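What follows is a set of notes on a single structure, which appears directly below.
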Amino acid sequence: MYTNILVPFDGSDCSRRALATAIEMGTCDEPVDITVLQVTGMTDFDYSSFEVAARMAGLGDLDEQQVDTFRESYLSASREQMHEQVAQYFDSLPENIDVKIVVKRGNPRDIICEYAEENEIDCIVMGRRGLSGIRGALGSVSTAVLRGTDLPVLVIK
C-alpha cells in the first residue's frame, strides 16, 4: 500500500481524475499523505529582470525586497487558486488522509521528479494529458516523468 502519494495537478480533467484516484487509493486504515503539486511556468523572478520590466512599465525602480514580496505574492495566489480547484475533494476525505498543496516554479518534469525523490514519495498518480497543446499517446509530461523516475507511476486517462 502506498502511504505517500504525489499528484501533479494542472486543473485539467485528467489531473482531477488522478486526484480522485489517489484519494481512493488512500482508503485504508493506514495514514496516507497526498501531495497535490502544481508546477507554474518559468516566470523569471530575478531582480534584474524585474528592474527592467518595472522601468518599461513606468513603475520606476524596484528593490530586491519588493521583488521578493512579489514572488511570494505570486506563489501564494497560485496556492489559493489551487486550493479552490481541489477544495471539492477535501469535503469527504477519510480521516486517515492528509492532503498538502505545494506550488513550485520550473520545468514540470524536473520539478515532479525532484520533488518525489526529495520527499520520499511512494507513488506518483498523474493524468496522461494536461492543459498543454501537445497531443500524444500519453502526454509529454507524463512520458517524461515515466522516464525520469524509478518510482511507480500511475497514469490516469
Excluding Ser12 itself, calculate the net charge of residues whose Cβ lies under 11 Å from the Cβ of Ser12, where each Lys or Arg counts +1 and each Asp or Glu counts -1. +2
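For a quick protection proxy, order the peptides 147-157, 98-108 by their average other-Cβ count within 10 Å, most packed first. All intermediate terms of the calculation are to be shown ahead of the outcome.
Details: 147-157: 14.7, 98-108: 16.5.
Highest mean packing first, the order is 98-108, 147-157.
On alpha carbon coordinates alone, what is the Rg over Rh value for the range 64-129, Rh being the Kirkwood radius?
Working: Rg = 14.6 Å, Rh = 14.3 Å.
That ratio is 1.02, to two decimals.
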Phi to ³J(HN,Hα) by Karplus 6.51 cos²θ - 1.76 cosθ + 1.60 over the range 66-74, Hz, x for Gly, Pro: 5, 5, 4, 4, 5, 4, 5, 5, 4
Please give me the summed charge of the neighbours of Gly127: other residues whose Cβ is under 11 Å from its Cβ, Lys and Arg +1, Asp and Glu -1. +3
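Bear in mind these aren't lab numbers, they're just calculated from the coordinates by the rules spelled out. All values reported here derive from a predicted model rather than from experimental measurement. Cβ sites come from the backbone with ideal geometry, for glycine too, and all protein chains shown count toward neighbours.
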